[in-house]
Each structure stands twice: as C-alpha cells, then as structure tokens.
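What follows is a single structure, written as structure tokens, with notes after it.
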Amino acid sequence: MMFSVVYNRANQLSAWQANLFRFSELFVILLLLAVDITWSRQVGLVFRDYGRVLAVVALMLSLWGFYAISGRSRRLSEIGYYAAMWLSFTELGCILSYLVAYMRMPLYDVEFTKLDAVLGFYWPGWFEFIRTHGILDVVLFLAYFSLIPQIIGSIIFFAHAERANRNRELFCMAVVALCLTEVVAGTFPAVGAFYHFKIEMARATHLADLFHLLAGTQKNFSSLTMEGIVTFPSYHAAMAVIFMYVHRGQRFLFPAIVVLNFLLLLSTPTFGGHYLVDIVAGVLVATLSIFIFRQIKGWDSPIDA
C-alpha cells in the first residue's frame, strides 16, 4: 500500500514537472517573439514573408492539440508540438541574429586568425586539404548539412521511443545555446574565413545580408531568404555536442550519432567558413548550455531514466 502511494505520488510529480517545462517552452517562444518585435521596431528593421512559417506552425499545433485532447496518439501529439516549437524557434532565432548583427560592433576576424595561429591552425591550408580529397569533401559536406535532418529525426525518434524528456532536453539546450551564442556574437562579431581569406566566397551566402546589416544599407528582409550569419561561436559546433549528449545511452544509435557529429565538427571550418576558435567556442557554449539545463532540471545523474 505504501509503495503504491509513493509510486502514484512520483508519477504525479513527474507529470507536473513535464507540464511545467512545456509551459516554459511556450513561454520562451513568446519571449523571443516579444524581443524580436520590440527590438526590430526600435531599430527599424522589417522582416516579411513569414506567412508560410505561421501556416506550418499552426498545422503542427493543430496536430498536437488534436492528438493530445483525443488521446489517440501521444507520439504524434509530441511530434506536432516539438515540430511547432522548432519551426518557431528557428525563425525567431534567425531574426534575433540579424538584430544582433545590426548592432554593428567592430569585427574580430584578424584577432581570430591570430588565435588560430596560436592553436597551430591555418584555415586556407585546411580548406585546401579537404578540397583536394574528394571523398572526404563529400562526407564532410553531407555531415555539415545534416543539422536539420538530425533535428527532425531526433524529434521523431524520441517521440516514438516515448522519451519526451530527451526531446525536451534537445529543445531547451538548443535555446540556451542560441541565447549564449547571440550574446557572444554581438560582442565579438566576424564575417568569417571565406571573406577574410578571399577563398570560395561563393559559399559565403550569408555575406550579402551581413554586409547590408553592418553598413545599415538595408532594413527589409524576407524570412524566405534569411541566412545563418553568426561566425563566432559556431552554432553548428554547439549543436553537434548537444546531439551527442541527448542521444546518450542509445545502445545502437549513439555510436552512429557520435561519428556523424564528430564529422559535423570537422566540416564546420570548410563548409561554414569558421575559424578553429569558432568551433572551440561553440563546444564551450554547448557544454555551458548542458550544465545550465541540468541545474535547472536538478539532475543528479548524467543519465536520466
């Protein structure tokens, strides 16, 4: 009898904690929205063409609501919920990066190349080495652009494995990492190695928007064409570490995730135009994000049940 009471109490507490985190996730999205709207109005930046994103978010929220209320599928409900959260977060985070860049702080590319030299890293040499090894170039290309597929795959996998806690970890850590990244990027901005070394600048598709922001020559941007414009720290590097962390304990999947994201880290200088210090900073951002989330959640063990 006593065991039954304790067990039921534990389940009630777990459900209460889950609902608390769910409301906090929604609150974070609303907070980001408020920051983006307030800041963009204050500086005069306009972001348009977000109707498609809103439509898809509404569809995913409808999926969440239907399956949650009907109780027909907890898994599909979770997929709908986190798909909506990630779509909203990605859009709002991208807008935030543009607002941060519009602060037009001094650039630190020269300082970053000097730090790379201290670490024994020479970006043009690394880039040429990868480019002249065709198979490695293709493998790293695929790894670099695995970020979105990994997010989608993780949402679906954790939902079907009924590991809602892992979907929560992934999303919350990504949000914390983004906030930390934007703070650092606003303080130490850079345009990246492609432009600094004048090598393969066609790959630097973010430069057009970034230069407009730095020069203050354009204040109207379409959400359909916005690019990732943050150089330091590397958000790709931060997400690579977070992916490895949230997939811990998966007997067969974890080794593959580690290999894939190790390749993602290696691909970031070549395909993201990042300095080595960007990757180091991204790894530190991820580590701090994991630590912050663990403290908020109050875990005592590195592997949750």
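The values are calculated or read from the model by the stated rules, or taken from the named source; none is laboratory data. Everything quoted here is computed from the prediction, not taken from an experiment. Here the Cβ is made from the backbone with ideal geometry for all residues, glycine too, and neighbour counts use every protein chain on show.
Here are some notes:
- Scanning segment 123-160 for residues that are touching an Asp or Glu at 6+ places or on another chain (Cβ under 8 Å) and more than 22 Å from E78 (Cβ to Cβ) yields W123, F127, I130, R131.
- Residue check, S222 closer than 25 Å to L96 by Cβ and in contact (Cβ under 8 Å) with a residue 60 or more places away in the chain: yes
- Pairs are defined by a Cβ separation below 7 Å, a sequence spacing of at least 6 or placement on different chains, a first member in segment 268-289 that is within 27 Å of C172 (Cβ to Cβ), and a second member that is polar (S, T, N, Q) and in a helix (DSSP H, G or I); the pairs so defined are H274/T268; I279/T268; V285/T181.
- R104 passes every criterion in (1) modelled with pLDDT under 95; (2) within 21 Å of V184 (Cα to Cα); (3) part of a helix (DSSP H, G or I); (4) charged (D, E, K, R) apart from (3).
- Taking the numbered list (1) among the small types (G, A, S); (2) on the phi > 0 side of the Ramachandran plot; (3) out of contact with any Ser or Thr (no Cβ under 9 Å at 6 or more places or on another chain) in turn, S223 passes all entries but (2).
- Among the residues making up segment 79-126, those that are of a type in the set (S, T, Y) and either under 23 Å from the mean Cα position of the chain (by Cα) or under 29 Å from A159 (Cα atoms) (or both) are Y81, Y82, S88, T90, S97, Y98, Y102, Y108.
- Filter pass, L264 being buried (at least 20 other Cβ atoms within 10 Å of the Cβ) and closer than 28 Å to F27 by Cα: no
- Selected residue (criterion: surrounded by the fewest Cβ atoms within 10 Å (Cβ to Cβ)) from residues of segment 153-193 that are of a type in the set (G, A, S) and not in a helix (DSSP H, G or I): A161
- Hits in segment 138-151 - residues which are over 14 Å from L265 (Cα atoms), among the aliphatic types (A, V, I, L, M) and either touching a Leu at 6+ places or on another chain (Cβ under 6 Å) or surrounded by fewer than 14 Cβ atoms within 10 Å (Cβ to Cβ) (or both): V138, I148
- Restricting segment 118-137 to residues that are within 24 Å of V259 (Cβ to Cβ) and free of Cβ contacts under 8 Å to residues at least 60 places away in the same chain leaves a set whose member that is surrounded by the most Cβ atoms within 10 Å (Cβ to Cβ) is L136.
- When segment 194-206 is filtered for residues that are part of a loop (DSSP other than H, G, I, E, B) and free of Cβ contacts under 8 Å to residues at least 60 places away in the same chain, the ones remaining, listed by number, are K198, T205, H206.
- Among (1) more than 16 Å from L99 (Cβ to Cβ); (2) surrounded by fewer than 20 Cβ atoms within 10 Å (Cβ to Cβ) - the single one A215 does not satisfy: (1)
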